[in-house]
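**Q** Below is a structure I'd like to ask you about.
The values are calculated or read from the model by the stated rules, or taken from the named source; none is laboratory data. Not measured: the values here are computed from a predicted model. All Cβ positions, glycine included, derive from the backbone under ideal geometry; neighbour counts span all protein chains shown. Side chains included, ligands, DNA and RNA excluded: accessible areas come from the protein's heavy atoms. Shrake-Rupley method; radii C 1.70, N 1.55, O 1.52, S 1.80 Å.
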Amino acid sequence: EFDYRITAPMIDNDDCPTLFFGEMVFPWFADGDFAEVSGIGMKALAESLSQKEDWKPLYDADHMRMVLSSRSKAAAAVYYDDMYVDFDSCMKVTRRGGGPLEKCKVWITNEYQHSGLRDNGA
């Protein structure tokens, strides 16, 4: 069960980091600000997904290595402070000498945000 207090800055530390959830769906979304979509089954879907335990691997590392070692090329923008994708996870996947995307050309920046835009808070 999601608890917003886990993400509270007052308890932020290495053992309990702030958790961003920009692309997540929680069952309680249908009860509040997103109630207009609850009629299409969002709450039931979120509940079902939260109970799922038989998730398959997100990607096939060996297949990725095979494709990039032969005919394909890959490039990725990786953002230091991306609220959707963990920086350390990106570095692990693109790590030279063993990462499944070790042949991926990586551009690491904070010049842009995850949206590809130069966001200005002013």
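**Q** Check whether at least one residue in the stretch 85-108 is at pLDDT 80 or above, open to solvent by 50 Å² or more (accessible area, probe 1.4 Å), β-branched (Val, Ile, Thr) and outside any loop (DSSP other than H, G, I, E, B), and report yes or no.
**A** Checked against the condition, which is being at pLDDT 80 or above, open to solvent by 50 Å² or more (accessible area, probe 1.4 Å), β-branched (Val, Ile, Thr) and outside any loop (DSSP other than H, G, I, E, B), the stretch 85-108 yields at least one hit.
**Q** When the stretch 42-68 is examined, which residues are found to be more than 16 Å from the chain's Cα centre (by Cα), closer than 29 Å to residue 110 by Cα and surrounded by fewer than 13 Cβ atoms within 10 Å (Cβ to Cβ)?
**A** Residue satisfying the conditions is 60 alone.
**Q** If you don't mind, there's one more thing I want to ask. Which of the residues belonging to the stretch 45-78 are in contact with a helix residue (DSSP H, G or I) (Cβ under 7 Å, 6 or more places away or on another chain) and in a loop (DSSP other than H, G, I, E, B)?
**A** 74
**Q** Can you name every residue in the stretch 70-96 that is over 11 Å from residue 106 (Cα atoms) and hydroxyl-bearing (Ser, Thr, Tyr)?
**A** Across the stretch 70-96, the qualifying residues are 70, 72, 80, 84, 89.
**Q** State whether the residues of the stretch 63-74 include one that is in contact with a strand residue (DSSP E or B) (Cβ under 9 Å, 6 or more places away or on another chain) and modelled with pLDDT of 80 or more.
**A** Yes, that holds for at least one residue.
**Q** Okay, moving on. Is it the case that residue 81 is open to solvent by 100 Å² or more (accessible area, probe 1.4 Å), closer than 30 Å to residue 27 by Cα and part of a loop (DSSP other than H, G, I, E, B)?
**A** yes
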